[in-house]
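Worksheet: one structure, shown below.
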Amino acid sequence: MTVRHVAFDFRDDEGRYVCEAAHQATLERLYGRRWALTVLNRVLVELERELIATSKGALFEKLKPSLAGGSKLGRYAEIGEQLGMTEMAVKQEAYRIRKRYRELVREEIGRTVSDPMLVDQEIADLFQSLSLSS
């Protein structure tokens, strides 16, 4: 004879609802975070491709940590020295690269919404997903 164990949940209905709601909220946050990271990764890959095509791949690698909300970069002189550029040239390129990064984020989000008026809200949601989950 085979014995089969069955688990019973003796919590009241309200307790079960709270547990399920918390689980659902956790799943939604996880999904939101994964979605945000996927979008930002796609943008970084595209930006890297563009910059490599214009012989700025080494500069991209040096500035990459500061693009997606990473560390603030204050080592422009050091980077310039490593790449044979002036500090001011590195700052200008960093500005252009960050601007292009923002444009690519907007374009990527624009492909995911049916109404262009929702792009700004989706971008806000994207960064909110990252800040809540970390």
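Just one of the listed residues (Leu104, Leu67, Leu73) is in contact with a helix residue (DSSP H, G or I) (Cβ under 6 Å, 6 or more places away or on another chain), modelled with pLDDT under 95 and under 17 Å from Val45 (Cβ atoms), and it is Leu67.
Every test in (1) on the phi < 0 side of the Ramachandran plot; (2) modelled with pLDDT of 95 or more is passed by Glu14 save one, and that test is (2).
The values are calculated or read from the model by the stated rules, or taken from the named source; none is laboratory data. Since the structure is predicted, the reported quantities are computational estimates derived from the model, not experimental observations. Every residue, glycine as well, gets a Cβ built from its backbone with ideal geometry; the counts of neighbours run over all protein chains shown.
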